[in-house]
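Any read-out appearing in this document is the output of simple, stated calculations on the displayed coordinates, not a laboratory observation. Values in this document were obtained by computation on a predicted structure and should not be read as measured data. Every residue, glycine as well, gets a Cβ built from its backbone with ideal geometry; the counts of neighbours run over all protein chains shown.
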Amino acid sequence: MEKLQGEASSKRKLGLFDAVMLVMGSMIGSGIFIVSADIMRNLGSGYWLIVVWVITGVMTVAAAISYGELSSMFPKAGGQYTYLKEIFGRMMGFLYGWGLFTVIQTGTIAAVAVAFGKFTAYLIPALNNAAPIFQNGGYKITWIQILAIGV
């Protein structure tokens, strides 16, 4: 029985590839499709857009290497919460946990919902022709987009 429990325990190892995938997964979301157009509008050149992407790629690799180092220093489950708790104390870990729950995750879900509504309106033009319930410059929200977000 003891041997079976020992084999069933999770492998607590995070390598470079795992750390890179973790950081990329947390950074790349629906925003990549929305932000690129704004960056291109502000930069005015495809060359500078590629330079910006290369710089952010280097920053992402640095973050992944940092996560790899942290995971080897603190071989415990819990990710960022564990790192903050071990380095800065229990209160910082507690504040991060609640901040993640009340601000970070809810903001991420809202951003994905807005992107979904925006791209649904692009993919199905009939949804974009409804009378807006809110309009500010070129930005508008329609009931159909809200319905699409709810789906």
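Once you keep just the Cα pairs under 8 angstrom separated by 6 or more residues, what percentage relative contact order results for the stretch 11-113?
36
Say R0 is 35 Å: what FRET efficiency, to the nearest 0.05, do Phe116 and Leu49 get from their beta-carbon distance?
FRET efficiency, Phe116 to Leu49: 0.90.
Pick out, in residue order, every one of the trypsin sites (Lys or Arg not before Pro) in the stretch 16-103 that is DSSP loop and has at most 15 other C-beta atoms within 10 Å; say none if there are none.
Sites meeting the loop and neighbour criteria: Lys76.
Output ³J(HN,Hα) for the stretch 56-65: one whole-Hz value per residue in order, computed from phi by the Karplus curve 6.51 cos²θ - 1.76 cosθ + 1.60 with θ = phi - 60°, and x for Gly and Pro.
5, x, 5, 5, 5, 5, 4, 5, 5, 5
For a test of the definition: using alpha carbon positions, the gyration tensor, and the 1.5 limit on a/c, classify the stretch 40-151 as rounded, prolate or oblate.
Because a/c hits 1.5 or more and a/b fails to exceed b/c, the stretch 40-151 counts as oblate.
Quick query: amide H of Thr142 versus all other amide H atoms, modeled in the peptide plane; which residues come in under 5 Å with a sequence gap of 5 or more or a different chain?
Under 5 Å from the amide H of Thr142: Ile133.
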